[in-house]
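Visitor: Pasting a structure below so you can have a look.
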Amino acid sequence: MNKNTEKKILEELKKRVLERDKELRSHKDDENIKEATKEALTEMTILSRKEVDEIERKINAEIKAENKRKQKIRQKIIGVVAVVLLIIANVFFNKEEKMKIVETFDTREGGWDEYEKFEYKREMKDGKYFIENDKDGMCAWDYIDIDFPQEYCLELHSKWEDGNYDAYGMVLLESVENYFYFEVRGDGSALVNYKSNGKWTNQYAWESNVFESGKKDITQKLEVKGNFYRYYVNGKLFQEGNLRNYRMKQVGMMVCGKQKIGFESLVLTRMQRGKMQEEILNESFANTEAGWTFDEKLVKRCYYKDKMYFLQNNTKDLCFWSCRPFELPQNYRVSVQTKWVAGEHAGFEIVLHQDDNNFIGLEAQANGKARFVTYLEGEYDKIQNYKQTSAKHEDEKFHELAVEVRGEKFRFYVDNEFVDSWNLCGLTITEVGVRVCGRQTVAFDNLIIEEL
């Protein structure tokens, strides 16, 4: 150990010893003073030393008791303060937040409607020609031009896919005024019928039990020689007769009523004296070049796309909506970003919905006009006059529709511009949604419901 270290140790030792000595001397002095005081009190009074010591013990006990009492009071005060602070903190940090729901339409988690409704739809898919009809009392059909020989065999394979058991099958046309239907139905019945000069003859009635009811795969076969035909269903001769000397120029398929049929093949073969000669048409629909018309007549469609929600309407006098249930507070604001995509200048709306027969529509148009309507007990009750706003939706930008509800009153805004106000007409609003009327497509984004 070097000298510097030893010197530091000795200095520190000396310092601590002197401090301890001073402390002990002070304590000893205090004890000496106390003893001297007690002796003096004994000499000055008639009290004995024992009595003085007893008084000292009592004083000591009283002081300790008082200190203990003060300590308890301090602890209680600290406890109360702690509880108060805890309550304040709990109120501050657990203060009930106001409701706010944001629907971005980025995903399908919101559960908004997704469907298509057609009057008819004709499409090639999975090697089949599907004709889907969705209107009672109407038939959707398609046909192609054919140069028919004098004698031929026509065979159509089809499969019933979905819907009602209504008529479907083959059609032979001289014109749209004169043609024959060779029909079947999913309930196992069959019929041959024709139009003459645009009028149905209704000469024949449906015959049941031609094939097994509910059977989906059907083969229709038609053998024609001159004006005479034989009609087979699943290999069974159903009917024979004449074609009224129609000079057939087209062949096709038709589907009637609300159902969907998948046509798998259509084969036309030239015949001679009952024997097959050559195929004129062998249509499997896999890679067709025969000239079929694939199209659709859309009624309405709602769908997600590009992180937005779309309502597409293709019927002039039709309105339709998509709504979702929400638990709404007494005072709230509903807003949605809207973008007119295409079509005519008809209404698109925020809907405050009690049920299908009772709702309020907050409506705007692509030309900037806006109004509200009330629909009560299945009828329009109040239709306000349009007010022109500065929000021209034709600019292909998003514009905000918003409604503020306070109790029974509401106020309607377009891009924060006040449009009109009214009351809820006693309705209990259980759903919020969007609605589109007329032939147009509208995109919706960021629907927000927030408590006021």
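The values are calculated or read from the model by the stated rules, or taken from the named source; none is laboratory data. Since the structure is predicted, the reported quantities are computational estimates derived from the model, not experimental observations. Every residue, glycine among them, receives a Cβ derived from its backbone with ideal geometry; neighbour counts consider all protein chains shown.
Visitor: Select from the range 88-105 the residues that are of a type outside the set (Phe, Trp, Tyr) and modelled with pLDDT of 75 or more and write down the one among them that is surrounded by the fewest Cβ atoms within 10 Å (Cβ to Cβ).
Guide: In this case the residue turns out to be 97.
Visitor: Taking into account only those residues within the range 388-423 that are under 28 Å from the mean Cα position of the chain (by Cα) and of a type in the set (Phe, Trp, Tyr), which is farthest from residue 367 (Cα to Cα)?
Guide: The extreme case among them is 410.
Visitor: Something else: Just a yes or no: is a residue in the range 326-333 under 16 Å from the mean Cα position of the chain (by Cα) and either among the charged types (D, E, K, R) or assigned to a loop (DSSP other than H, G, I, E, B) (or both)?
Guide: So far as the range 326-333 goes, yes, one or more of its residues are under 16 Å from the mean Cα position of the chain (by Cα) and either among the charged types (D, E, K, R) or assigned to a loop (DSSP other than H, G, I, E, B) (or both).
Visitor: Looking only at the range 302-323, count every residue that is surrounded by 18 or more Cβ atoms within 10 Å (Cβ to Cβ) and either of a type outside the set (A, V, I, L, M, F, W, C) or not in a strand (DSSP E or B) (or both) and tell me the total.
Guide: Summing the residues that are surrounded by 18 or more Cβ atoms within 10 Å (Cβ to Cβ) and either of a type outside the set (A, V, I, L, M, F, W, C) or not in a strand (DSSP E or B) (or both) in the range 302-323 gives 5.
Visitor: Mind listing whichever residues of the range 30-78 are at pLDDT 70 or above and in a loop (DSSP other than H, G, I, E, B)?
Guide: Hits for the range 30-78 are 45, 46, 48.
Visitor: List the number of the failed condition for residue 391; all other conditions in (1) assigned to a strand (DSSP E or B); (2) at pLDDT below 95 hold.
Guide: (1)
Visitor: When you check residue 392 against the structure, is it among the charged types (D, E, K, R), in the same structural domain as residue 307 (by the TED database) and farther than 18 Å from residue 445 by Cα, yes or no?
Guide: The answer is no for residue 392.
Visitor: Exactly one condition in (1) within 30 Å of residue 266 (Cα to Cα); (2) of a type outside the set (A, V, I, L, M); (3) not in a loop (DSSP other than H, G, I, E, B) is false for residue 294; which is it?
Guide: With (1) within 30 Å of residue 266 (Cα to Cα); (2) of a type outside the set (A, V, I, L, M); (3) not in a loop (DSSP other than H, G, I, E, B) applied to residue 294, the lone miss is (3).
Visitor: With the condition being in contact (Cβ under 8 Å) with a residue 24 or more places away in the chain and more than 30 Å from residue 126 (Cβ to Cβ), I'd like the strands (runs of 3 or more DSSP E) fully within the range 159-245 carrying at least 2 qualifying residues.
Guide: 190-196, 217-225, 236-242
Visitor: Same structure, new question: Take the range 144-165 and flag every residue that is out of contact with any Lys or Arg (no Cβ under 6 Å at 6 or more places or on another chain) and of a type in the set (S, T, N, Q).
Guide: 150, 158
Visitor: Check whether at least one residue in the range 418-428 is among the aliphatic types (A, V, I, L, M) and either touching a helix residue (DSSP H, G or I) at 6+ places or on another chain (Cβ under 6 Å) or in contact (Cβ under 8 Å) with a residue 60 or more places away in the chain (or both), and report yes or no.
Guide: Among the residues of the range 418-428, at least one is among the aliphatic types (A, V, I, L, M) and either touching a helix residue (DSSP H, G or I) at 6+ places or on another chain (Cβ under 6 Å) or in contact (Cβ under 8 Å) with a residue 60 or more places away in the chain (or both), which makes the answer yes.
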